[in-house]
Amino acid sequence: MATTPRVRAPELRGRGWLNTGGRELKLSDLRGKIVIADFWTFCCVNCLHVIDELRPLEDKYGDVLVVIGVHSPKFEHEKDADALAAAVERYGVHHPVLDDPELGMWQQYAARAWPTLSVIDPEGYVVATMAGEGHADGLARLIDDLVATHEAKGTLHRGEGPYVPPAEPETTLRFPGKAVVLDNGNLLVSDSARHSLAELAPDGETLVRRIGTGERGRADGPAGAATFSEPQGVCLLPAHTAEVAGYDLVVADTVNHLLRGVRLATGEVVTVAGTGRQWRSTVDDHSHDARSVDLSSPWDLAWYDDKLIIAMAGIHQLWWFDPVKRTAGMYAGTTVEALRDGLLAEAWMAQPSGLSVSTDGRRLWVADSETSAIRFVENDLLGTAVGQGLFDFGHVDGPAGQALLQHPLGVCALPDSSVLIADTYNGAVRRFDPETNQVSTVADGLAEPSDLVLTPAGEVLVVESAAHRLTRLAPGALSAAGASTVDGPRHRTERKPTEVAAGEVTLDVIFTPAPGQKLDETYGPSTRLVVSASPPELLVEGAGTGTELSRRLVLDGAVAGGVLQVTAQAATCDADVEHAACHLTRQDWGVPVRVVADAATRLPLVLRGLDA
């Protein structure tokens, strides 16, 4: 196992702590424990994956391991202390969280990507830093090594950690995600933090029944025995398709990485797509048996083009599912996290989280949350209606090319061809009119709206997620008189750019297999590297896909700077064991660069390793 010089871990400082019972923690309080500092932000689906990956480690090593979530926000809304507290509950974070709104700890620990993990040994030294997700197996081996080493030295202290659970709230819904109107007029809502589906009467308040026990799990069965894990999107199937498939409604069971079918007459739940494993593979456009494919955080669903379209937030794509043929496959996107229009197979997306089909069935609207954009699929192309990129956001109405949103999670197509937007982090409902190309605000002051539902009577219901309720838009809100024009703040997430030289630069992605693993060439090259740039002219040479983790780039000195988009992955398997398990580590980076004469000619990025 490779080693690096030990570096003393910087002290933990921030605006405040959550999940500690009001106690402020210091590193000295954690001496004798193995500490994983998880640098995350609650908008980032990859960060949410890591929270789920850490759960088994926290259970297994509970007497020696302490996970500290260091919340380092990207969006302006994420800097709000109340919003962070809500997110900690929403995503079931069961460890202490340090609020780091100014990214002080992020800089102290030299984090360069969301998420980043820093491992601190029982004596207070940083012994490993890992970017991205997929590190659970490597972390387990590292923890085993640290336990053995420090138990022998007498520096490991077993016992309970500093986590103090908050009080259990009492509301009918808890962070609802998406909703749909049933044929009987009732509403079916994904009650995400309660890991179930709630059927409500048409008033949007009276609970009729609950599908799911309310406990996190993935069991099929009757309504009172089935379990989900943070479900989100719900979509009714066309009547004939439902009759053939044997179920009426599909649920995006997000954290389980599954699609579940529901028979509404009985509430029985059955798994219809996914293996339960998170997708960590290469992309192809083939049709696959739906129960044999791995999915990644499916977030919303819509029936479009005679198939079910899946907003696959976890890998920045749209997928399709055929309930009759029981097949599934890729629909749009390359897995690169960015904003680029074009042919479906070549376009770039960033955490698509909301879907809605125009009333004429021709256009599929997409809430592309991480680019704060509203995109659309039509005629086999992906376009952008509103939105400017990964780091530009705000609350600005007016011409679509100048308007700004902030992490929208939901869309709702209206009969007049316009689309409503659940502008989640602005706490607003916005409206985009394709005929006038204008964006307006129809409601604000909402608590993280995550979805919008148009009822048969023409009313619009808002899933007001952080208020744990459904809210009706006021009559007349959609009229010209009811809308307003907001010229609010404009934000751009500024990350310190890396200075690189004009001309030749070597990109090195540093990868060290986890202890006990080796590179796996069984199915071809074990590594893959994809490089592009924004603006494209920044990169004279070096763009494209290859199998080496080191690449010669040529940067145009006439371009002042931009963002290098890098995706790297490495396949490994367990070494020297009879039934070796295989693993795939993957990370996306958007690296801001400034081209400067006589600057560095090497750009290192750590995929996994002991880089302290």
Out of curiosity, is Glu53 free of Cβ contacts under 8 Å to residues at least 40 places away in the same chain, over 21 Å from Ser465 (Cβ atoms) and not aromatic (Phe, Trp, Tyr)?
no
Tell me, yes or no, whether region 346-359 has at least one residue that is more than 23 Å from Tyr425 (Cα to Cα), under 21 Å from the mean Cα position of the chain (by Cα), small (Gly, Ala, Ser) and outside the structural domain of Pro231 (by TED's automatic domain parsing).
yes
Quick one: what pairs do we get from region 410-421, first residue under 15 Å from Ala373 (Cα atoms) and in contact (Cβ under 8 Å) with a residue 60 or more places away in the chain, second assigned to a strand (DSSP E or B) and of a type in the set (D, E, K, R), C-beta under 8 Å, 6+ apart or different chains?
Gly410/Lys178; Gly410/Asp300; Gly410/Asp451; Val419/Arg431
Counting only residues that are surrounded by 13 or more Cβ atoms within 10 Å (Cβ to Cβ) and either in the same structural domain as Gly132 (by TED's automatic domain parsing) or on the phi > 0 side of the Ramachandran plot (or both), how many does region 517-549 have?
1
Among the candidates Asp63, Asp29, Asp38, Asp59, residue that is over 24 Å from the mean Cα position of the chain (by Cα), among the charged types (D, E, K, R) and not in a loop (DSSP other than H, G, I, E, B):
Asp29
With respect to Ala273, is the statement that it is surrounded by fewer than 24 Cβ atoms within 10 Å (Cβ to Cβ), at pLDDT 95 or above and either of a type outside the set (Lys, Arg) or not assigned by TED's automatic domain parsing to the domain that holds Leu409 (or both) true?
no
So if I check each of Val377, Val411, which one is at pLDDT 95 or above, within 15 Å of Gly233 (Cβ to Cβ) and assigned to a strand (DSSP E or B)?
Val411
Given the conditions (1) in contact with a strand residue (DSSP E or B) (Cβ under 7 Å, 6 or more places away or on another chain); (2) closer than 21 Å to Thr371 by Cα, every one holds for Tyr425 apart from (1)
Kindly check whether there is at least one residue in region 550-567 that is surrounded by fewer than 17 Cβ atoms within 10 Å (Cβ to Cβ), among the aliphatic types (A, V, I, L, M), part of a loop (DSSP other than H, G, I, E, B) and touching a residue at least 40 places away in the same chain (Cβ under 8 Å).
no
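The values are calculated or read from the model by the stated rules, or taken from the named source; none is laboratory data. Worth saying up front: this structure is predicted, and the values here are computed from it rather than measured. Using ideal geometry, Cβ is built from the backbone for each residue, glycine included, and neighbour counts are taken over all protein chains shown.
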